[in-house]
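What follows is a set of notes on a single structure, which appears directly below.
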Amino acid sequence: MPTAIDKRRYQRILVPSGHAILARCHLNGRRFDGIVTVIGLGGMFVRTRESLPPGTILQIALTDPIVSFDSECAVRDCTQTGIGLEIVSIEPAAQRKLRFLLEQLKR
């Protein structure tokens, strides 16, 4: 049986249990929260009860015990347990914070 090829450009990191990254999502005046369970330079999976159609663009504010930063994301997938987001815009300072966070999570 053939195996699926992972076409992602960036490594994904499973957020360790006990380490909470809060995602505060903003969409046209509407706000909802979730918890990031997988994250990488290209995006993340946010556990939430919200359902959004693929292609929806929203602002995300991530808050972590280590760093906090904002980015603009697009919904790529929606499941019963959350939404898969692709980072489509991130300021250089926020990207440095994200890289630092990823390094800390790898330890």
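The values are calculated or read from the model by the stated rules, or taken from the named source; none is laboratory data. Everything numeric in this text was worked out from a predicted model, so none of it was measured. Cβ placement follows ideal geometry from the backbone for every residue including glycine, while neighbour counts extend to all protein chains displayed.
Among residues that are farther than 19 Å from residue 28 by Cβ and in contact with a Cys (Cβ under 7 Å, 6 or more places away or on another chain), residue 60 is not included. Every condition in (1) among the small types (Gly, Ala, Ser); (2) part of a strand (DSSP E or B); (3) at pLDDT below 95 is met by residue 61 except one, and the failing one is (3).
Screening region 89-107 for residues that are in a helix (DSSP H, G or I), free of Cβ contacts under 8 Å to residues at least 40 places away in the same chain and not polar (S, T, N, Q) and picking the one that is surrounded by the fewest Cβ atoms within 10 Å (Cβ to Cβ) gives 92. Within region 45-53, is even one residue surrounded by fewer than 17 Cβ atoms within 10 Å (Cβ to Cβ), polar (S, T, N, Q) and without any contact (Cβ under 8 Å) to a residue 60 or more places away in the chain? Checked against the condition, which is being surrounded by fewer than 17 Cβ atoms within 10 Å (Cβ to Cβ), polar (S, T, N, Q) and without any contact (Cβ under 8 Å) to a residue 60 or more places away in the chain, region 45-53 yields at least one hit. Is at least one residue of region 2-10 out of contact with any His (no Cβ under 7 Å at 6 or more places or on another chain), touching a residue at least 12 places away in the same chain (Cβ under 8 Å) and within 16 Å of residue 99 (Cβ to Cβ)? Checked region 2-10: at least one residue is out of contact with any His (no Cβ under 7 Å at 6 or more places or on another chain), touching a residue at least 12 places away in the same chain (Cβ under 8 Å) and within 16 Å of residue 99 (Cβ to Cβ). For region 20-35, filtering for residues that are part of a strand (DSSP E or B) and over 11 Å from residue 60 (Cα atoms) leaves 2. The condition of being over 20 Å from residue 107 (Cα atoms), assigned to a loop (DSSP other than H, G, I, E, B), in contact with a strand residue (DSSP E or B) (Cβ under 6 Å, 6 or more places away or on another chain) and not small (Gly, Ala, Ser) holds for only one of 50, 86, that being 50.
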